[in-house]
Structures are given as structure tokens and as C-alpha cells.
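First the structure, which I've put down as C-alpha cells, then a few questions once you've had a look.
The values are calculated or read from the model by the stated rules, or taken from the named source; none is laboratory data. Keep in mind it's a predicted model, so treat the numbers as computed, not measured. Don't worry about glycine lacking a Cβ; one is built from the backbone with ideal geometry, like all the others, and counts go over all protein chains shown.
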4 protein chains.
Amino acid sequence: MSRSALVVIDMINTYGHPDADALVPSVRDALPRIVDLIGRARNDGVPVIYVNDNFGEWRSHHGEIIETTLSGPHSDLVEPVLPDDDSLFVVKARHSIFYETPLSYLLSQLDVDRVVLCGQVTEQCVLYSALDAHIRHLDVTVPDDAVAHIHQDLAQAALRMMERNMNASIRKAASVVF
Amino acid sequence: MSRSALVVIDMINTYGHPDADALVPSVRDALPRIVDLIGRARNDGVPVIYVNDNFGEWRSHHGEIIETTLSGPHSDLVEPVLPDDDSLFVVKARHSIFYETPLSYLLSQLDVDRVVLCGQVTEQCVLYSALDAHIRHLDVTVPDDAVAHIHQDLAQAALRMMERNMNASIRKAASVVF
Amino acid sequence: MSRSALVVIDMINTYGHPDADALVPSVRDALPRIVDLIGRARNDGVPVIYVNDNFGEWRSHHGEIIETTLSGPHSDLVEPVLPDDDSLFVVKARHSIFYETPLSYLLSQLDVDRVVLCGQVTEQCVLYSALDAHIRHLDVTVPDDAVAHIHQDLAQAALRMMERNMNASIRKAASVVF
Amino acid sequence: MSRSALVVIDMINTYGHPDADALVPSVRDALPRIVDLIGRARNDGVPVIYVNDNFGEWRSHHGEIIETTLSGPHSDLVEPVLPDDDSLFVVKARHSIFYETPLSYLLSQLDVDRVVLCGQVTEQCVLYSALDAHIRHLDVTVPDDAVAHIHQDLAQAALRMMERNMNASIRKAASVVF
């Protein structure tokens, strides 16, 4: 039987980068569905794995990442999706959630063979992560109303690439069954 | 010019595994040199990077790893080598410090081209890490009195393999210049 | 100084897959520019590296790949771009030209820090390869009239992703300077 | 059920490197068992996969590797173990048979979950390959009379490391059951 994990990508975020103006409204749109997915996964005992850039911080307490984002101007986008005591947390460098991270190992320990990807950015990290998951023989589901983009047209193309070329299931968050 | 980092391997440890009886005395022997290397690196502004197993913990606060090891029976082996506020910390799955970790990326960000490896276990993770560093075109130094083993003869063979086949500099901790 | 290599992707091809009907006309369009790029690279002493799927053939003589494609119905698309005695040849599994291939090692041996990508498929292997080259700190140039696609709109989006998010130089083949 | 493959490491060799004097007698010793393993695997329909350095040759016809080694002074060590038409052939850069090669992909295509490693060098490529196979959750068997070394003591230590730390089955070639 298939076992799923919910992967929350780059939502612990300061939104300090140059594309933030284009990104923030899209995150705000997607946020309620991301919150809902996290809540349902927690209720169902589905692992919730945060995979997140570390903004150059590699200190011994990565609580720092959370504190930094909560004290910034966009804490309203972070607070509703904070990890809880059961959340798993993997720090990535940049790019895909799999590139030079222990995520593959963690998923195999958890016996997970399907990842549900939510978060940001659809046409960047979400796309690259879907590709890397597909290469690793994992099933991929992407709720297209729970991912946020910088460029809408590139995001639409990225979702079609995931569906066509990476065998991903693209659907609404409400219809995701864990 | 070469820039060095000190890598402290698996020293934040509960020593709960089956080989601990053989390992603990060797760690106790190596500990003063590891403490000294960490102290000198901090004084010289050399990055100190802890790369550590996470004992199956992938929680959002990896301070948990430290708390768990400090409350165990071998806290005396952990307390002298705790990370400070400037320490960098990378969680590895198991095996090499590079395998599915962001260490390569972190080292390139820091412009480091030479790693000094200390910690444990000489004939396992230290050996595999020296190999992976060599493959990645990094210079490798291993102070043989600042690494701990389970089997002395395998550790000796491992150090010779590092020197002969991975171009590592094997020397005493006191003679390591950062 | 930057040293370039020309990478010819998946052009030794049987065109036996389901998308061939959409792909073949686009390959036919791009072919003259690919031929021209190969010719100019050879004249200039620029390494020409074929990276190619092996169609499930892992025999000891990979001349088999070439023979198979030359005896198929689309040999006219293969014959003009055949490797010569100086060509380098790397077999890939599928996906990116870097994924589980020795290409990184080969490029570092050749001291190459810039790859010019031509061939197919723009919105699949070319896109994934541009990403993997960018992650590996290589400069990427993609002549958009020397790559072939299955879906034109996805190809356009892929080229914009390469330019925006992977720092690739997108230009006409005629303006590529090695 | 477990499916095996026989992996023949670096036996297509010019023996032109500095350690050849120490290596050649050990290869000569191991050769009859390697020949026997290859013969039995072929008879049993077990995949025989050559993974081999390419001596800097990346030409389009890797038959070149074979021709070069056959025309050298140690062709007697190469001729008995040549690939046949059913042999699979993977070129590696250096180091492990898995490092930047498509071997993982090939093994998964063949549904292989156990590798029998023979060839050279016990304390180098064979050791690194056993580690990488173990990390990838493959079972590993190493017939200790069908692998060749440069340093006997390091080879003995390497075999013990494989057995203890990489869960490898170390046995005589005659007792290997595919």
C-alpha cells in the first residue's frame, strides 16, 4: 500500500528577496489550502515534512530560522504554517528538496512512496522537486491551489510539465486524499 | 590560498549502540585533542562544522539532539565539545558527512578547500568522509590522535588508506595548522 | 578564461517513442543549426560531447546505438550529426545529462566551465540539464533554434525558465561564440 | 526473491600505473576464479556487468578501451575475461562503480538487488563499491579469492570492513551461488 507524506516547501520565509512582491500575493492566496492540508495530515497521522532554505544560517539551533521569519514583515504568512512538535524538518541548500539533503533517506525510513508537495515556488523549487521525486520512483501529487508562484504563466507551464513528463497528479487541495 | 574548516564528526552522541563499549575508551583518549582543536579553530576564526547523526530525530528543533545526549550516561564525552553560537551544524543520515547532506554547498559558500576531520569512527565515517572529500577535490587532514575507533587494527588500516589512496595528510593534532 | 564544450543531447535517436510525430518536424527544423554548431566546434577545437540515451542497450560495443538508429526510418536525422573520431560520447540513463553519468568528471578533466546545449527535448532533457549545469556552477548557453521540442508552448516556457532561473544565455545558434 | 548480477571491476586494464608491479601478481592469482565466475554467470543467465575505468578515453567507440588493453604487455590478464555479446558495460570515471555512473539505474532496470563483486583493487575500488552498494540497500557478496590487491594487509582490512560495517558476505568464489 502507498504511504504518503506532506512536504511543505520554503514556507518558513522572510520574503526578503527581489521577487517577493510578485510572490507574496500568490502565497497569500494559497495559504488557506496549505493550512488545511497541514491540519488534515496531522489529524490523519500523515508525516508533515518541512523542507526549507536556511537563509545562510547553519547555526546549531535552527529555531533561528523560525525566529527570524516570525520577526519580519511577513510573519502573517509564516505563523499559520509553523511546524509543531511532531513536524519533521529538513534544511536544504537551494534548488530541489532532494539536492544534497537527507530527504530520500528520511522518506525510506518512513516507508513513504508518495509525496504531496505544497508551498513555493511552483515554477522553481516545486518543479525541480517533482522531477527529483519522479527520478527516485516516488509518486508525486501537487495540489495546484496550494502552491505559490512568481510568474503565473511559467507556473502553469511547470504544472503541465509535472503532469505530462513527471507523471504527477495535479489536483485541487480539497481532493487530495492522504 | 587554502581555507580550512574543522569538521567534528558524530561527537554529539548517546553512545547507545552495540559497539559503544569498544568506542567509548577511544573517544575518551581522543577527547582532549578534539577539545583543543575546537578551541584553536574558534580562536583563529576557522569555521567549526559539526556533522552529526540525528539518532532518528528529525524534529523542528534539533536542539533535541544535544539535550538527549547531555541527559545520557556519557554526557562527560559530549559536554566538552558542545557547539557554541558560532558553530555550524549539519545533520547527516548515516555514512559519510557528504552523503545526502548540504555540506558540499556549505563548504563552497565558505570558500573552504581543506577539511580537518576529527571525531568518530576512524574506520567508518571518518574513512568514508575522507574518500568523499577527496573525490570532491578537497584537501584532507586527519589528526590521528583526535579520531576514535572501535577496532584499532582497522583504524590503523583506514588511516593508511586515507594517506595512500585519498591523499590525506595524517598527523598529530598538535601539528595541525589551520 | 572560460572554456566551452558543445553538448549534443539525444540526437542519436530511433524516434520510436509515442511523441515522435510531434518531435520529428521540430528536429528537422533545428538540424541545420545543430550541424553547423558541430562543424564550427570541430574547426575551433572545441570538445563535442554526445550525451545520449542508450535505448536499453548496455552492450560492450555502444556502436550498437549508432547502428540501430542508422538502420531506422529516421536515419536522415541521425546521419548528419554522427560523432567522428574525436567526438566524446557519454551514455545517460534518462533525464538530465548529469544524472548518474560521468559528465561532471569529464568536464572537469577538460577544464570546461561553460556548456552549449543543443539537441532534444527542449522542455525535458534540455531543461533538466540546464538546471543541473547551473547547480554545478557551469555557465549555460542554449541556442533556441538548435533545440527541438514536442510542445512548442512548454518549450517556450522552458527557455524562459532557463534564462530567468538558471542564468542561461538564450540566443540564436549563429551568434554562439565558442 | 533476490536477483544477482556479477560485477567485473577494472579488469580491462593496461596495467600501466605506478602500482602495477604489486598488483599484477595478485591479478594473476585471482584470474582463474574470475574466469570461472564469469563462465558460471553466463551459463546461469546471470547478468555480467563490466564496470571499468576508461583510461581517459571517451571516444564514441569504447571498443577502443578493449583494443588498447589487448595490445599492451598484459594482454594475458585481459583476454580471458573479455566481455561477450551479452555482457553489459558501464564506464566509470574513477573510484566507486556507482559514483557518477548509471549503474544504479541499470541494476534497477534489471531488478537486481544483490551484486557479486570481483576484480580490482580490493582496498580501493572494491571497498568503495561495496560501501556504495550497501548505502543503496543492495546485498553485497565479495569472493575474497576473486579480487586483487596492491597491499595485502590493507586488502585484508578492507575485506573485514566490508563484512563488519557494510554487511557484505565474504566467501570463496567456489561457494558463490548466483
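Taking the options D:V90, D:V121, D:V112, name whichever one is within 12 Å of the chain's Cα centre (by Cα), of a type outside the set (D, E) and farther than 26 Å from C:L88 by Cβ.
Details: D:V90 fails: farther than 26 Å from C:L88 by Cβ; D:V112 fails: within 12 Å of the chain's Cα centre (by Cα).
Sole residue among the options that is within 12 Å of the chain's Cα centre (by Cα), of a type outside the set (D, E) and farther than 26 Å from C:L88 by Cβ: D:V121.
Here is a further query. So D:V112 ticks every box in (1) part of a loop (DSSP other than H, G, I, E, B); (2) in contact with a Leu (Cβ under 9 Å, 6 or more places away or on another chain); (3) surrounded by fewer than 23 Cβ atoms within 10 Å (Cβ to Cβ); (4) free of Cβ contacts under 8 Å to residues at least 60 places away in the same chain but one. Which box is left unticked?
Unmet condition: (4).
In addition: Output the number of the condition that C:S75 fails; it satisfies all remaining conditions of (1) over 12 Å from the mean Cα position of the chain (by Cα); (2) facing another protein chain (nearest Cβ under 7 Å); (3) among the polar types (S, T, N, Q).
Here C:S75 clears every test but (2).
Another question, then. Does D:Y99 satisfy being within 12 Å of another protein chain (Cβ to nearest Cβ), free of Cβ contacts under 8 Å to residues at least 40 places away in the same chain and within 12 Å of D:V51 (Cα to Cα)? Before the answer, list the steps.
Working: within 12 Å of another protein chain (Cβ to nearest Cβ): yes; free of Cβ contacts under 8 Å to residues at least 40 places away in the same chain: yes; within 12 Å of D:V51 (Cα to Cα): yes.
So D:Y99 fits the description; yes.
So, one more: If a residue has to be surrounded by fewer than 17 Cβ atoms within 10 Å (Cβ to Cβ) and at positive phi to count, how many in segment D:7-56 make the cut?
Total meeting the criteria: 3.
If D:S104 satisfies all but one of (1) small (G, A, S); (2) touching a helix residue (DSSP H, G or I) at 6+ places or on another chain (Cβ under 6 Å); (3) surrounded by fewer than 23 Cβ atoms within 10 Å (Cβ to Cβ), what's the number of the condition it fails?
The single condition D:S104 does not satisfy is (2).
Checking D:D10 against (1) closer than 19 Å to D:A146 by Cβ; (2) of a type in the set (D, E, K, R); (3) over 12 Å from the mean Cα position of the chain (by Cα), which test does it fail?
Going through (1) closer than 19 Å to D:A146 by Cβ; (2) of a type in the set (D, E, K, R); (3) over 12 Å from the mean Cα position of the chain (by Cα) one by one, D:D10 breaks only (3).
Something else: Please go through segment A:104-152 and give me each residue that is touching a strand residue (DSSP E or B) at 6+ places or on another chain (Cβ under 9 Å) and of a type in the set (K, R), ordered by number.
Once the filter is applied, which keeps residues that are touching a strand residue (DSSP E or B) at 6+ places or on another chain (Cβ under 9 Å) and of a type in the set (K, R), segment A:104-152 yields only A:R114.
Given the options B:V78, B:V140, name the one that is assigned to a strand (DSSP E or B) and out of contact with any Phe, Trp or Tyr (no Cβ under 6 Å at 6 or more places or on another chain).
Working: B:V78 fails: assigned to a strand (DSSP E or B).
From the options B:V78, B:V140, the qualifying one is B:V140.
Given the residues A:M161, A:M166, which is the only one that is within 12 Å of chain C (Cβ to nearest Cβ) and either in contact with a Cys (Cβ under 9 Å, 6 or more places away or on another chain) or farther than 18 Å from A:V7 by Cβ (or both)? Can you show your working first?
Working: A:M166 fails: either in contact with a Cys (Cβ under 9 Å, 6 or more places away or on another chain) or farther than 18 Å from A:V7 by Cβ (or both).
Just a single option satisfies the conditions, and that option is A:M161.
Mind counting the residues in segment D:123-134 that are free of Cβ contacts under 8 Å to residues at least 60 places away in the same chain and in contact with a Ser or Thr (Cβ under 8 Å, 6 or more places away or on another chain)? Can you show your working first?
Kept after step one, since they are free of Cβ contacts under 8 Å to residues at least 60 places away in the same chain, are these residues of segment D:123-134: D:123-124, D:127-128, D:130-134.
Right, trim to in contact with a Ser or Thr (Cβ under 8 Å, 6 or more places away or on another chain) and you get D:128, D:131-132.
Of the residues in that region, 3 qualify.
Hey, another quick one. Among all residue pairs at least 6 apart or on different chains, which show Cβ distances below 6 Å where the first residue, located in segment C:27-43, is touching a residue at least 24 places away in the same chain (Cβ under 8 Å) and the second is in a helix (DSSP H, G or I)?
C:V27/C:L77; C:R33/C:A173; C:I34/C:V81; C:V35/C:P80; C:L37/C:A173
Let me ask you something else. Out of B:V81, B:V24, B:V116, B:V90, I need the residue that is within 14 Å of chain A (Cβ to nearest Cβ) and at pLDDT 90 or above. Which one? Steps first, answer last, please.
On the way: B:V24 fails: within 14 Å of chain A (Cβ to nearest Cβ); B:V116 fails: within 14 Å of chain A (Cβ to nearest Cβ); B:V90 fails: at pLDDT 90 or above.
Every option except B:V81 fails the conditions.
Here's the yes/no breakdown for (1) assigned to a loop (DSSP other than H, G, I, E, B); (2) of a type outside the set (S, T, N, Q); (3) surrounded by fewer than 23 Cβ atoms within 10 Å (Cβ to Cβ):
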{"residue": "B:E64", "(1), (2), (3)": "no, yes, yes"}
{"residue": "B:G72", "(1), (2), (3)": "yes, yes, yes"}
{"residue": "B:P83", "(1), (2), (3)": "yes, yes, yes"}
{"residue": "B:I97", "(1), (2), (3)": "yes, yes, no"}
{"residue": "B:Q124", "(1), (2), (3)": "no, no, no"}
{"residue": "B:H134", "(1), (2), (3)": "no, yes, yes"}
{"residue": "B:D153", "(1), (2), (3)": "no, yes, yes"}
{"residue": "B:E163", "(1), (2), (3)": "no, yes, yes"}
{"residue": "B:A174", "(1), (2), (3)": "no, yes, yes"}
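Where residues in segment B:135-151 are modelled with pLDDT of 95 or more and within 11 Å of another protein chain (Cβ to nearest Cβ), which of them is nearest to B:Y105 (Cα to Cα)?
Taking segment B:135-151 as the starting set, the residues that turn out to be modelled with pLDDT of 95 or more are B:138-151.
Subsequent filtering for residues that are within 11 Å of another protein chain (Cβ to nearest Cβ) retains B:150-151.
Numbers: B:I150: 31, B:H151: 32 Å.
Checked segment B:135-151; the qualifying residue nearest to B:Y105 (Cα to Cα) is B:I150.
Residue check, D:T69 against (1) modelled with pLDDT under 95; (2) in contact with a strand residue (DSSP E or B) (Cβ under 9 Å, 6 or more places away or on another chain), all met but one. Which one?
Every listed condition holds for D:T69 apart from (2).
Pick from B:A41, B:A22, B:A30: which is touching an Asp or Glu at 6+ places or on another chain (Cβ under 7 Å) and part of a helix (DSSP H, G or I)? Spell out how you get there, then give the answer.
Details: B:A41 fails: touching an Asp or Glu at 6+ places or on another chain (Cβ under 7 Å); B:A22 fails: touching an Asp or Glu at 6+ places or on another chain (Cβ under 7 Å).
From the options B:A41, B:A22, B:A30, the qualifying one is B:A30.
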